[in-house]
Each structure stands twice: as C-alpha cells, then as structure tokens.
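Below is one structure, written out as structure tokens; the observations come after it.
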Amino acid sequence: MAQLLNDDIIKQIQEVFGGLKNPVHLMFFGSKHDCPYCDDTRQLVEEVVATSDLLSVTVYDMESDGDLAAKYHVDKAPGLVIAAKEGEQITDFGVRLSGIPSGHEFTSLIQDIILVSNRDSGLNPQTRAFLKGLDKPILLQVFVTPT
Amino acid sequence: MAMESPMIQAEMVEATEFPELSMRHNVSGVPQTTINDGKAHVVGAVPEQNLLAEIQRLVAK
C-alpha cells in the first residue's frame, strides 16, 4: 500500500514530537470482520509510530486477542489504546480512539500521544483534585466526525 | 481527565463508523460528549468546568 502520510506531514509530526518526554505505547485492535477502516488505521498508526523513537505499537486482533481487548475495554474496531510505557511496564491511562483518526481527528491522535508522553493532563488543580477522589467509574465518549 | 483517575475511561468515537451507537445516543452534532452510556450528554465543545460539573452531578446521585 502507498504511504498515507506525505513527507511534509511527517516532517511536521517529527517537529512536534521533538518535544516528547516519555515513551508511549499504542495498542491497535483490528478485526477481520466488517472493519473497512482497520487496514488504513493500522497503517496510519504504524507510520506515526515510525516518526519517533519514543513510540511503539503492538497489533492485536479483536477476536483472537479477545481477552486482551476485554481487559482494556476495547469493544470497537479499529480501536486504539494510547498508553504510557516505562521499560516493559505499560500503564493504561484510559485513553482510547475508536475508528480511523483521519481529518481533524488526526490532530487528536497526535495531541493524545503528546499528553500521554508528557504524563500531564494539563487540567486545572481543582479538576485534578476532584478526579483523584473519584470512586465511581466514568466513561466519557466523545463522538466526532473526520470532517 | 482519564489521565487523572483510574476510574475514568475517555474514548473518542468516530461517529460515522459506529452508526448504531451514535443513533442510540442521538448524536446529531459533533462533538458530542456522552457520559456513562447515556446518563448525560453535552453537545458541542465542552469547557473543562462544565464537563467537571456534569461528572460531579452524576456521581452525587
């Protein structure tokens, strides 16, 4: 398949990723069934990961790696977990993308990687204090479209 | 927000690829933020304070 990201875009990503602080590990979950965007998403993610030594990716299948998908609460394909990595230790912050991150949402992928790499949410202190004390599960789903 | 608490999962969903879920949550404009599978919805870009207030309202119930 031809490259999805052109040289200009790759250069821009490399400039932005020059400021990355810590390793980020992406877990891609695809499916062989009814997933028209899985191949493109996987390729896109692999091309992004190739732009920085601090990034890595493992590719999983929703069906054959079902236990892992369940563990990480991934129920859609393509699904992407954006996690922190220290040595071999992967720390899940609960950050997920479902569907292809193209168009505007490509920026969200890049920003999510930067946030997780910096290990800093950027939220104000009052918000952080409240969230630290949360004792009930919260699922935030942000619906977006690529255009 | 997910980064600040292990209790929070934040998922960006490409609405056109998952039409059943989008229809179930009546997604008509994007972005739309849905909390806990429909317990609360916020349409449009949502400021940090407002989203925090929605979460606080839900957990207080």
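Read-outs throughout are calculated quantities, based only on the coordinates presented, and are distinct from any laboratory measurement. Computed from a predicted structure; not experimentally measured. Note that we place each Cβ from the backbone using ideal geometry, even for glycine, and neighbour counts take in every protein chain shown.
Out of all DSSP beta bridges in chain A, what portion is antiparallel? Express it as a percent rounded to 5.
Roughly 65 percent of the beta bridges in chain A run antiparallel, per DSSP.
Please give the average number of partner chain Cβ atoms lying within 10 Å of the Cβ of each residue in B:24-31, rounded to a whole number.
Per-residue shielding by partner chains comes out at 3.
What residue among B:VAL59, B:ALA2, B:GLN32 has its Cα farthest toward the positive end of the dipole of chain B, where the charges are +1 on Lys, Arg and -1 on Asp, Glu, each on the Cβ?
The one lying farthest along the dipole's positive direction is B:VAL59.
Using alpha-carbon positions, what is the distance between the centroids of the stretch A:1-65 and the stretch B:19-48, in Å?
When both Cα centres are located, 26 Å separates them.
Across the protein assembly as shown, how many lysine pairs, 8 or more apart or on two chains, come within less than 30 Å at their alpha-carbon atoms?
26
Can you give the alpha-carbon Rg of the protein assembly as shown over 2.2 N^0.38 Å, where N counts its residues?
After normalising by residue count via 2.2 N^0.38 Å, the value is 1.00.
To the nearest 0.05, what FRET efficiency results for A:GLN12 and A:THR91 with a Förster distance of 25 Å applied to their C-beta separation?
0.35
In the stretch A:73-124, which GluC sites (Glu not before Pro) fall in coil by DSSP and have 11 or fewer other Cβ atoms within 10 Å?
Passing sites in the stretch A:73-124 are A:GLU88.
Helices from chain A with mean Kyte-Doolittle at least 0.5 and a Cα length along the axis of 20 Å or more, per DSSP H: which?
A:104-118
Tell me, in nm to one decimal, what length is gained between A:ASP61 and A:GLU46 on full extension, where the rule is 0.36 nm per residue of separation less the Cα-Cα distance?
Gain on extension, A:ASP61 to A:GLU46, equals 3.9 nm.
Report, in deg cm²/dmol and to the nearest 500, the calculated mean residue ellipticity at 222 nm for chain B, where each DSSP H run with n ≥ 4 adds -39500 (n - 2.57) and the sum is divided by the residue count.
Calculated mean residue ellipticity at 222 nm is -9000 deg cm²/dmol.
Note down the net charge around A:GLU46, summing +1 for each Lys or Arg and -1 for each Asp or Glu among other residues with Cβ under 12 Å from its Cβ.
Here the count lands on -2.
What is the percent of Cα-Cα separations in the stretch A:39-82 that go past 18 Å?
31
How far is helix B:48-60 tilted, in degrees, relative to the longest principal axis of the Cα atoms in chain B, given as a value from 0 to 90 rounded to the nearest 10?
So the helix axis and the longest Cα principal axis differ by about 80 degrees.
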